[in-house]
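Below you'll find the structure, written out as C-alpha cells, and then a few comments.
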Amino acid sequence: MKVKRSWTQQRDAKNARMEKVSSLLNGKFAKTEDAKEILERLIEPNDKVVIEGDNQKQADFLSRTLANVDPERVHDLHMIISSISRPEHLDIFDKGIASKIDFAYSGAQSTRVSQMISSGRMKVGAIHTYLELFGRLFIDLIPNVVLVAAEKADRNGNLYTGFNTEETPTIVESAAFKNGIVIVQANEIVDQVPRVDIPGDQIDVIIPADKPYELEPLFTRDPQNITEIQILMAMMAIRGIYEKHNVQSLNHGVGFNTSAIELLLPTYGEKLGLKGKICRNWELNPTPTLIPAIESGWVESVHSFGGEVGMEKYIAARPDIFFVGKDGSMRSNRALGQVAGQYAIDMFIGSTLQIDKYGNSSTVTAGRVPGFGGAPNMGSNPTGRRHSTPAWQAMKTTDNPLDKGQKLVVQMVETFGANKQPVFVDKLDAVDVQKEINMENAPIMIYSEDTTHIVTEEGIAYLYKTDSMAERQAAIEAIAGVTPVGLRSNAKQLQDLRNRGIVALPEDLGVHRGEAKRSLLAAQNMSDLVKWSDGLYNPPAKFRSWS
C-alpha cells in the first residue's frame, strides 16, 4: 500500500530552525557575539553534529562556543569529529552537552578519551579510519548540523579555504544536500574570495571568528634529531625495498625514520643511481624534509591531505610539483587524498607503537585510545584495485595466472620505543583495551595479512614471501632484536631465512653500517632546509634555532 506523507519533512524542519535565527542574521552573516545564541537556537537535543577537527585546521571558535552553550537547551548530542584535537571537544561530554561520539583519531587527547570511555562519560559509536568516517556521513551518520572553518568568506557566502582545505568540502556537502545546517567560522569577510572552494549556496550561516583558527605544524621534523640508527634503517629501506621493488608512488608516515629516507635521496639515493627510478609520485602532507629531494629533481608530483605551517610560499613557487590554484595556494583534500593513498600508490611505509608476534600492529596502548586516522586506509591491500605497476607485480610469489600483486605495506620501527619498552610483543595492549572499553573488535591499526615488510635496525623481514604463520613468526623474531619476541630466534633459523631471502641483514643488502652517519643527510638542520628552499620555507618559531 502506498503511504501518503510529506516528502519534504526534513527541508521543512530545517526551514523552521533557520527561522528561529532570522532576527540574528543579515543574509547569511551573524555577529561574532551572537554565536552562542545561534548555536542554542539551531542545534537541538540528540542532533548529529560535525565539528571540523582536522589534523591541523580546527573550527576552534565554534568548538569553544559549543562548549559554552546551555546544557538545558542543547544536550545529548551525537558528535562526529574526525580528529579529537582540542580540550573542548571533550569538555562538552563532561558538561552533558554531548553523550556519544564517532571519530577517527584523538592524538594528544587519547589518554583523556580512554578515561572518559572507561568512566561512562562518553559513549563511542565506532572508531574509524578517516575515509570510513567520511563515507558514513553520506550513509548512516548524516549530520543535522556541521561546524566548519574557512580562511575567507565573501559577501555572497562563497568560502575560500585555501592552503588548508582538508576535509571542509566533504563535511559541508554531507549536510548541504541533505537538509542539514552549515555554520561557518571565517577568519575574514571580504568582497571577493581569491578562489571559490565552496559555493555560497551550500552555506547557511557565517560568523566572523574572534581570532584566526589555530594551525599546528604536525608534520615538521627537525633533521638535527635524526639518529644514525634511523639513517641505517633508511639506507636498508632504500636498498632492500624501494630499489628492489621499483617503488615509484608512495605515502610516507611522518616519523624521523621516513624523514631520514627523504633526506638520503639526494645523497645516498643519488650515489646508487636511483633518481627517476623510485619515489616519483607522492601522496603526502608537504613535509619540509622533502624539500631537498624536490630541489634535486627526484619528485614529480605531491598531492596532500592538508597543509603544513611554513610551507605556503615554497609550495606556491613550485606549482609543477604541488596541486596549486590560480590564486597561488595549494589545494589539499583529505578525502581524495585518502582515496589516492588506498588505491593509487605502490607503497605505504609508516611506524607504530606495538607489533605482535604475528605481525599485527597498533598505536593503542594501555590507557591510550588514539584511534586510527588514515593509516589503515593506506596500510591495507585494496582488493578492488585493478591497475598494475612494477612494484605491485613484485609482490606476486607464484606463476598462477590468476594470482595478483598487492600494495607494499611496510612497518618501520626500532625494536624498542622512545619509552624503552619493546615494540615487539606477544600480545598487543589493544586486546586488553578492547575489553576495557567494550569494543566489538580489537583496535588493530594494520593487520598482519596486509603487512608485506617490517624494517628494524636489525634488518628487513619480507613477510610477503612467507608460506605459513609459523614462518612469518620466525621472520619477525629474526629482526626483533633483544625483545622477548626476538630472543626466540637463533643463529640456525636466521641463516636459513637469509638463505631463502625472507630476511635480509644490512650486509645482505650491500649496506655498510659504518656509512650510516649524519653527514649523509642532505640537510643537517632546519636552517639547511631553508637554504635548500631558496629562503621560501619559513619554519615555525619553535623550530628556529638561529638568529
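Where a number appears in this text, it was derived from the coordinates with a stated rule and is not lab data. What you see is a predicted model, and the numbers here were worked out from it, not measured in a lab. Cβ placement follows ideal geometry from the backbone for every residue including glycine, while neighbour counts extend to all protein chains displayed.
A few points about this structure:
- Ordering 125, 114, 535 by Cα displacement along the dipole of the chain toward the positive end leaves 125 in first place; charges were set at the Cβ atoms of Lys, Arg (+1) and Asp, Glu (-1).
- Stretch gain in nm, segment residue 2-residue 313, where the contour uses 0.36 nm per residue and the Cα spacing is subtracted: 105.9 nm
- The chain - charge dipole about Cα centre, Lys and Arg +1 at Cβ, Asp and Glu -1, debye rounded to 20: 640 debye
- Cα-based reach from residue 396 at 19 Å (exclusive), listing lysines while leaving out same-chain residues under 8 positions away: 244, 404, 407, 465
- Part-to-part distance (alpha-carbon centres) for segment 333-398 and segment 26-88, which is given in Å: 33 Å
- When each of 517, 31 is scored by the number of other beta-carbon atoms lying within 10 Å, the sequence from fewest to most is 517, 31.
- Cross-link pairs beyond the 28 Å C-alpha cut-off, checked among 427/542; 420/542; 48/313: 427/542; 48/313
- Approximating the spin labels as points 7 Å out from Cα along Cα→Cβ, the residue 366-to-residue 469 distance works out to 2.5 nm.
- Assigned charges on the beta-carbon of Lys, Arg, Asp, Glu; segment 27-208 dipole about Cα centre (debye): 320 debye
- Of 483, 453, 523, farthest towards positive along the dipole that unit charges on Lys, Arg, Asp, Glu beta carbons give segment 451-547: 523
- Once you reduce segment 271-306 and segment 427-477 to the center of their Cα atoms, the two points are 29 Å from each other.
- One way to sum up the overall shape of segment 327-452 is the equivalent ellipsoid from its Cα gyration tensor, whose semi-axes run 28, 21, 14 Å, largest first.
- If R0 is 30 Å, the Cβ-Cβ spacing of residue 224 and residue 508 corresponds to a FRET efficiency of close to 0.45.
- Percent antiparallel among DSSP beta bridges (both partners in the chain, rounded to 5): 25 percent
- Multiplying the residue separation of residue 211 and residue 538 by 0.36 nm and subtracting their alpha-carbon distance yields 115.5 nm.
- Relative contact order (%) - criterion: Cα under 8 Å, at least six apart; region: segment 27-208: 23 percent
- For segment 27-208, the antiparallel share of DSSP beta bridges with both residues in that region comes to about 10%.
- Given the alternatives (i) 26.2; (ii) 24.7; (iii) 28.0, Kirkwood radius over Cα pairs in Å as computed for this entry is given by (ii).
- Each 10 Å bin from zero holds the following percent of Cα-Cα pairs in segment 27-208: 10, 41, 37, 11, 1.
- Residue (of 170, 77, 185) at the positive-pole extreme of the chain, dipole from beta-carbon charges: 170
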